[in-house]
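The values are calculated or read from the model by the stated rules, or taken from the named source; none is laboratory data. Small disclaimer: the values here were computed from a predicted structure and weren't measured. Cβ: placed from backbone, ideal geometry, glycine included. Neighbour counts: every protein chain shown.
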Amino acid sequence: MAALPQLVRATPQGGTIHKYHLTGGKSSFMRYLGCYLGTCKFCNNITEASEFLESIEFSPKSL
């Protein structure tokens, strides 16, 4: 049975990053899913997922 995704980070604006352990063929992969308001992207590392969230999240600083 596959392991469930684990929440790695939640932002104050409501974005989330989950860690997924995936298998394919004879290899295992760790992927990170960044999501904000229904827009999601699988990333290769947590840095990439964090940058994705920063690029799409609404920021109160921009007002």
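Note on the stretch 20-34: among residues that are modelled with pLDDT of 90 or more and of a type in the set (A, V, I, L, M), the one that is nearest to residue 52 (Cα to Cα) is 33. Is it the case that residue 17 is within 18 Å of residue 3 (Cβ to Cβ), modelled with pLDDT of 95 or more, under 8 Å from the mean Cα position of the chain (by Cα) and surrounded by 16 or more Cβ atoms within 10 Å (Cβ to Cβ)? Yes; evaluated as a whole, the condition is true for this residue.
For the stretch 5-63, a residue qualifies if it is outside any helix (DSSP H, G or I) and hydroxyl-bearing (Ser, Thr, Tyr), and the qualifying residues are 11, 16, 20, 23, 27, 28, 32, 36, 39, 59.
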